[in-house]
């Protein structure tokens, strides 16, 4: 699944990424999981994408097994396959993950040593550990402050690399403090700066919208909600979701997440009507 998700997100402004976002946020919850081709083209047009780019990408995504189509006369409707739904679910799981509870003093440690001929699997393991919130403590050693054992065990089993991987859990017993482990494994200052940029950009914009939401056309609410989510989506791939007591004071990630969730809900007003009456 990691390779499939990476294929979608490799280029953050790619048309496949936009289309998956449309299905995750709009088609699945509001349109019973399917959409006419013309509806997708219309929505993508509101986001600045051409009809040609939309049609070409939809065809390619179908070829990759992410979508299936059903003909109804001269029209076709698109639906996610099981693989496509799994990709959407994997992304949603992290972006809407609740903040971690307080640290219980336990660390998860993954240690691996894969031979060079398995470097493709080694790279996939590394990418997935980052996605799970692990940080690189030393060559071949990754740590997380949350219990990610089920995810790691499933990944190792799927990749068939159990002989090369060990998973441990327990309190810190080394010479490094928790703060030193965090500083070595994650660049929290850079992540905080990214959250600050997100807040500075979106807080005033969304406050203006909220002040007179009824005057904002439904199409514009759709656009703003889409771009808000699009702007927030990189953070789950970068943020290990550390427990509060391992974070610096006034961690901006909490404010950014609260703003994201609040305005997503606010901008959802009228979405069912908008999506039910598309002009396409």
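Throughout, read-outs are computed from the coordinates displayed, never taken from laboratory work. Source: prediction; values computed, not measured. Here the Cβ positions follow ideal geometry from the backbone for every residue, glycine too, while neighbour counts run over all protein chains shown.
Fully extending the segment from residue 104 to residue 276 would add 57.2 nm, taking 0.36 nm per residue of separation and subtracting the current Cα-Cα distance.
In terms of other Cβ atoms within 10 Å, 83, 43, 114 run from fewest to most in the order 83, 114, 43. For the chain, the longest principal axis of the alpha carbon atoms and the long axis of helix 119-132 meet at an angle near 80°. When both the stretch 148-203 and the stretch 241-263 are represented by their alpha-carbon centers, they are found 16 Å apart.
The angle between the Cα long axis of helix 218-232 and the longest principal axis of the Cα atoms of the chain comes to about 20 degrees, rounded to the nearest 10. For the stretch 66-153, the fraction of alpha-carbon pairs lying more than 22 Å apart is 47 percent, rounded to a whole number. Per-residue Cβ neighbour counts within 10 Å put 152, 143, 216 in the sequence 216, 152, 143, beginning with the fewest.
According to the square roots a ≥ b ≥ c of the eigenvalues of the Cα gyration tensor, what is the shape class of the chain, taking rounded for a/c under 1.5, prolate for a/b larger than b/c otherwise, and oblate for the remainder?
Values: a/c = 2.73, a/b = 1.44, b/c = 1.89.
Judged from the Cα gyration tensor, the chain comes out oblate (a/c at least 1.5, b/c at or above a/b).
In percent, rounded to a whole number, the relative contact order of the stretch 187-276 is 52, using alpha-carbon pairs under 8 Å and six or more apart. Across the stretch 2-94, Cα pairs under 8 Å and at least six residues apart give a relative contact order of 26 percent. Paramagnetic label reach from residue 255 (point 7 Å along Cα→Cβ; backbone nitrogen cut-off under 13 Å): within the stretch 187-205, residues 192-204. Exposure proxy shown here: for 103, 185, the number of other Cβ atoms within 10 Å sets the order, fewest to most, as 103, 185.
For the stretch 93-136, backbone nitrogen atoms closer than 14 Å to the point 7 Å from residue 149 Cα along Cα-to-C-beta are found at 106-110.
Restricting to Cα pairs below 8 Å that are 6+ residues apart, what does the relative contact order work out to for the chain? Please round to a whole percent. Please list the in-between numbers first.
On the way: 278 pairs, mean separation 60.9, N = 280.
In percent, rounded to a whole number, it is 22.
A straight chain from residue 218 to residue 184 at 0.36 nm per residue would run longer than the Cα-Cα distance by 7.6 nm.
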